[in-house]
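There's a structure below that I have some questions on.
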Amino acid sequence: MDKEKLLDMFYKRRSIRKFKQDAVITDSEMDTILRAAMQAPSANNRQTWNFIVVDDRDKMKEITKVHAYSSMLRTATACIVVVGETPKEGGSVYWQQDCAAATENMLLAIANLGLGGVWLGVYPREERVQGIKRIFNIPADKTPLCVVAIGVPDEEKAMEDRFDPAKIYRNSM
Ligand SMILES: Cc1cc2nc3c(=O)[nH]c(=O)nc-3n(C[C@H](O)[C@H](O)[C@H](O)COP(=O)(O)O)c2cc1C
């Protein structure tokens, strides 16, 4: 694949926080997003992730009460709560990394489907973790890492080139 075409897949992903109201995400699009999530790498291939697909507006509004920076959930079509299997009962010490890798895969899929999304951090903010656990009946041995809001974009964001050679070292810092 040509370099520019490949990088374009990543450049297309920006956080979208304005969504068209009453827009639809098809089952096929949601399936693609979840398939992308579950193709992520995970420590020892343990796949310590779970995904709660939420399209119930009341539940989405409830999230905004426990998460101060999630107001876009009032207009997003859906969201996905990413829930990790912690070591408490058979999960992995790497659950955060596993779930983060799955989340980034979802965001890339969302952007490349022409949809918009944004990562809403939950863990390790205890009040958000407890609030989300309560809303979605998440058992004690599982912990929500984040919520991904998804919808049809009602804003355009330009590509931001963040390549910074000063961040790169060779063989030693
Ligand atoms: C761990 C994490 C937590 C984040 N939490 C929020 C959040 O709570 N609300 C929000 O609007 N954006 C959140 N973001 C999105 C960032 O603000 C965004 O990725 C960053 O500003 C870079 O912009 P871009 O995504 O458009 O490239 C979060 C991103 C990450 C990786």
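If we count other beta carbons within 10 Å of each Cβ, what is the order of W119, W49, fewest first?
Placing the least packed residue first, the sequence is W119, W49.
Now, a different point. Summing +1 for each Lys or Arg and -1 for each Asp or Glu, what net charge is found among the other residues whose Cβ lies under 11 Å from the Cβ of G116?
+4
So what is the calculated 222 nm ellipticity per residue for the chain, using -39500 (n - 2.57) for each DSSP H run with n of 4 or more, over all residues, to the nearest 500 deg cm²/dmol?
So the calculated ellipticity at 222 nm is -11000 deg cm²/dmol.
For the cross-link pairs K3/K133; K5/K59; K59/K157; K12/K59, which exceed 32 Å when the distance is taken from alpha carbon to alpha carbon?
K3/K133; K5/K59
Tell me which DSSP H helices of the chain clear both cut-offs, 18 Å or more of axial length from alpha-carbon atoms and a mean Kyte-Doolittle hydropathy of at least 0.0. Spell out each step's value before the answer.
Numbers: long enough: 95-112 (26 Å, 0.16).
Helix filter hits for the chain: 95-112.
Counting other beta carbons within 10 Å of each Cβ, put D31, D55 in order, fewest first.
D31, D55
Could I ask something else about it? Which residue, Q96, Q47, Q21, tops the fluctuation ranking in a GNM of the chain built on C-alpha contacts under 10 Å?
Fluctuation is largest for Q21.
If you don't mind, there's one more thing I want to ask. Among K167, K61, rank each residue by its count of other Cβ atoms within 10 Å, from fewest to most, as a rough exposure measure.
Going from sparsest to densest Cβ surroundings: K167, K61.
For K88, go through the aspartates and glutamates and keep the ones whose alpha-carbon is under 14 Å away, minus same-chain ones fewer than eight residues off.
D141
Using 7 Å Cα-to-Cβ label points, what is the Q39/K61 separation (nm, one decimal)?
The modelled label-to-label distance comes out at 3.7 nm.
Compute the signed sum of charges (Lys and Arg +1, Asp and Glu -1) over the other residues within less than 13 Å, Cβ to Cβ, of W95.
It works out to a net charge of -1.
Cα to Cα, under 13 Å, and not fewer than 8 places away if on the same chain: which aspartates and glutamates meet these conditions relative to K65?
Excluding near neighbours in sequence, the set is E127.
Values quoted throughout were computed directly from the atomic coordinates according to the rules given, and no laboratory measurement underlies them. Everything numeric here is computed off the predicted structure, so don't read it as measured data. FYI the Cβ positions are ideal-geometry reconstructions off the backbone, even for glycines, and counts take in every protein chain you see.
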